[in-house]
1. Any idea what the dipole of the range 1-124 comes to, in debye rounded to 20, about its Cα centre with Lys/Arg Cβ at +1 and Asp/Glu Cβ at -1?
2. If eta is 1.002 mPa s and T is 20 °C, what Stokes-Einstein diffusion coefficient results for the range 54-165, Kirkwood Rh from Cα pairs, in µm²/s?
3. Glu63 versus Thr86, label points 7 Å from Cα toward the beta carbon: distance in nm?
4. Using a Förster distance of 25 angstrom, determine the FRET efficiency expected from the C-beta separation of Leu271 and Ile292, and round it to 0.05.
5. Label-point separation (nm) for Lys311 and His173, each offset 7 Å from Cα along Cα-to-Cβ?
6. Show me, for the range 114-120, the HN-Hα J-couplings you get by feeding each phi into the Karplus relation (A = 6.51, B = -1.76, C = 1.60, θ = phi - 60°), rounded to Hz, glycine and proline as x.
7. Using +1 at the Cβ of each Lys and Arg and -1 at the Cβ of each Asp and Glu in the chain, identify which of Val251, Val118, Gly91 lies farthest towards the dipole's positive end.
8. Cα centroids of the range 4-78 and the range 223-256: how far apart, whole angstrom?
Amino acid sequence: MLNIYRTDQRILSELEKPTNGCWIKLTMPTMDECADISEEYNIDIVDVRAALDIEESSRISLEDDYTLILVDIPTDEVRNGRNTYTTIPLGIILTDNALITVCSEETTVLQTFVEQRVRTFSTKKQMRFTYQILYNIAMYYQTLLRSIDRKRTEIEENMTEKNTEDADLFDLHELESNLVYFATSLRANGVVLDRLTRYGKLRQYEEDQELLEDVMIENRQAIEMTQIYRDITIGTRELVSAVINNRLNNVMKYLAAITIVMSIPTIVSGLYGMNVSGKWMPLSNTPHGFGIICLGTFIICVITMAVLRRKKYM
């Protein structure tokens with residue numbers, strides 16, 4: 001899909017053909033659309049399609065006629081039957097007349113610009129627009145990180161309200177996987193941002209430099225949040241695992257106590273069921289001997305239960 005936008009007097013309009021100062025938004029582009037843009041702006045088609053490879057790493061490339069910036073952005077996906085997050089590449093290509101973005105799917109990062117939810121947004125100020133996109137990416141990471149931490153908190157709260165299940169461990173594992181993807185992508189994005197500060201070939205203004213510093217600060221904060229949430233998630237996963245093991249141990253301890261109590265009548269009945277002369281068995285010739293034996297067995301069981309309960313085995 002190819003969309004062309006341009007801002008005039010802070011109003012974003014969609015165009016049918018490219019013009020100076022426009023923003024060309026390629027979302028899941030076809031080969032023909034990539035070829036047209038490549039020919040129109042003298043861009044290597046490999047660079048145009050670089051962001052469509054999900055394995056492509058973040059980088060910046062300065063060519064004679066254009067500059068390619070590749071960064072990772074977060075996105076939703078379904079993994080192991082659960083709604084999780086991952087990262088995909090976003091390509092930003094700067095030419096003399098236009099700014100081109102390439103992504104393999106529709107993303108909230110760019111949709112906020114289409115819906116004009118970003119102030120002082122202009123497609124004609126390419127570097128400032130680029131930094132605004134990068135700033136939006138860092139803030140989107142932070143939003144999803146807070147969402148991940150809320151899910152972790154819900155799992156932690158559920159441990160006191162219901163029996164912890166194996167599904168909680170799988171959910172925590174998925175959250176931890178999300179944080180690993182985020183940490184890797186944010187560090188790679190940080191390298192790209194650091195290189196942007198050193199490249200004098202890029203036309204930058206003083207206010208653009210201030211915005212780039214803000215982007216770097218927010219990206220570092222996202223990295224710190226990722227590390228903190230990852231450590232907490234690991235601790236929560238270990239806690240859930242310990243709780244499951246502890247509850248299993250309590251069940252086994254309770255069953256062992258019940259087994260001990262139930263073994264007393266079994267032992268008594270086994271002794272009195274032995275094939276020996278009845279005259280040598282206690283109470284065998286006593287009136288109500290059977291009742292006395294049952295009562296004695298019951299008293300022993302009660303005493304045993306009291307001892308086990310005092311020892312907190314029941």
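Please treat every number below as a calculation from the coordinates, not as lab data. Remember, it's a predicted structure, so these values are computed and weren't measured experimentally. Note: ideal-geometry Cβ built from the backbone for every residue, glycine included; neighbour counts use all protein chains shown.
1. Details: 11 positive and 23 negative charges, 156 e Å.
Charge dipole, the range 1-124, about its Cα centre: 740 debye, nearest 20.
2. Numbers: Rh = 16.3 Å.
Translational diffusion coefficient: 132 µm²/s.
3. 2.7 nm
4. 0.95
5. Inter-label distance under the simple model: 3.8 nm.
6. 4, 7, 6, 9, 10, 6, 6
7. Going by the charge dipole, the pick is Val251.
8. So the separation of the two Cα centres works out to 45 Å.
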